[in-house]
Amino acid sequence: MSLVAPSGTAGDAPPRVPWRFRQPSALPGFGLTFGFAVTYLSLIVLVPLAALVIRASGLGISGIWQIATTPRVLAALETSFGLSLAAAAANAVFGLLVAWVLTRYDFPGRRVLDAVVDLPFALPTAVAGIALAAVYAPTGWIGALFAPFGLKIAFTPLGIFVALVFVGLPFVVRTVQPVLADLDREIEEASATLGATRRQTILRVVLPTLLPAVLTGFALAFGRAVGEYGSVIFIAGNIPFRSEIAPLLIVIQLEEFNYAGATAIATVMLAISFLLLLAINLLQMFSRRRFGHV
């Protein structure tokens, strides 16, 4: 007896759809809009970054490596990227909590609190830095509460962490909030009907749905924190090997007319940021496929 399925039955492999650069769409104007998007992104993003890399390439890989591996640059890079990742992680947790409160609960002053979340967007970074330094200084309102315990916040790496959390929080809240608002509560009710506890519903139903949005907010908060300058220099103390960030070191190099050193540090920051953001985006894609949000 033949084991080969007849033509047109379920045994046949599904036909392979050829890949096309332009997918079928009911909306016209693909060529015009695509060309505008590529041109705009090239002029605003790709060309300046390419100019930076070309300028630094004059040093050669060995020259860039020599500048990037000096103790002071390594310490500044470690401070910038380490504290940026820590601040983005803190914002991912507490930003999700803030978004949950603003979306799921109705209480007096909710609209005011919702508007306060956007203040770091509108507030000049220098003003934010001065305000944070005044509040968290040993004689400030909050800093004075920790001073008796020997804990100093302002003018230390901890102060940098506070500033980066301040500027990055809105990115997580505003990314998670619309996804949480669109989340169908009937899914949570169905989970409870099937016998799941509140903890199981949150861990197995709600959080997997919110995970891609949380990762997006994490990436945005991290990107903002890495390049933050204005709010940090007032509260950091700017002590080499302790509380000096990489953007400040670039500015110092430019003030000393060491353009080669500045472009080398900037190129290293660009490469590290690109790799980290690529890893976050890949994790986000995996989470979407893993939990069925393709």
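When the accessible area of the chain is computed with all protein chains present and a 1.4 Å probe, what percentage of it is carbon and sulfur? List each step's numbers first, then the result.
On the way: 12770 of 18240 Å².
It is 70 percent, rounded to a whole number.
Go ahead and run the numbers for FRET between Asp118 and Ser62, Cβ-Cβ distance against an R0 of 51 Å, rounding to 0.05.
On the way: r = 46 Å, r/R0 = 0.90.
Efficiency, rounded to the nearest 0.05: 0.65.
The mean accessible area for residues of region 102-161, using a 1.4 Å probe and ignoring ligands and nucleic acids, is 63 Å² per residue. When peptides 213-223, 90-100, 36-46 are ranked by their average number of other Cβ atoms within 10 Å per residue, the highest-first order is 213-223, 90-100, 36-46. Treating the angle as unsigned and between 0 and 90°, give the value, to the nearest 10°, between the Cα long axis of helix 47-57 and the longest Cα principal axis of the chain. Tilt relative to the chain: about 60 degrees.
Model label points for Glu256 and Arg104, set 7 angstrom from Cα along the Cα-to-Cβ axis, are 5.2 nm apart. Can you tell me the relative contact order of the chain? Whole percent, Cα pairs under 8 Å, sequence separation 6 or more. RCO, the chain: 27 percent. Between the helical axis of 71-104 and the longest alpha-carbon principal axis of the chain there is an angle of about 60 degrees. Suppose R0 equals 30 Å. What FRET efficiency, 1/(1 + (r/R0)^6) with r the Cβ-Cβ distance, do Leu43 and Thr69 give to the nearest 0.05? Step by step, r from the Cβ atoms, then E = 0.35. Working from Cα pairs under 8 Å separated by at least six residues, relative contact order for region 130-169 is 31 percent. Each of Val127 and Phe149 was given a label point 7 Å from its Cα along the Cα-to-Cβ line. The distance between the two points is 3.2 nm. If r is the Cβ-Cβ distance from Glu78 to Ala279 and R0 is 25 Å, what FRET efficiency results, to the nearest 0.05? With a Förster radius of 25 Å, E is 0.90. Compared with the dominant Cα axis of the chain, that is its longest principal axis, helix 30-41 is turned about 20°.
The values are calculated or read from the model by the stated rules, or taken from the named source; none is laboratory data. In this text the structure is predicted, and so the values were computed from the model without any measurement. Glycine gets a Cβ as well: all are built from the backbone with ideal geometry, and neighbour counts include every protein chain shown. Ligands, DNA and RNA are excluded from the accessible area calculation, which covers all protein heavy atoms including side chains. Shrake-Rupley method; radii C 1.70, N 1.55, O 1.52, S 1.80 Å.
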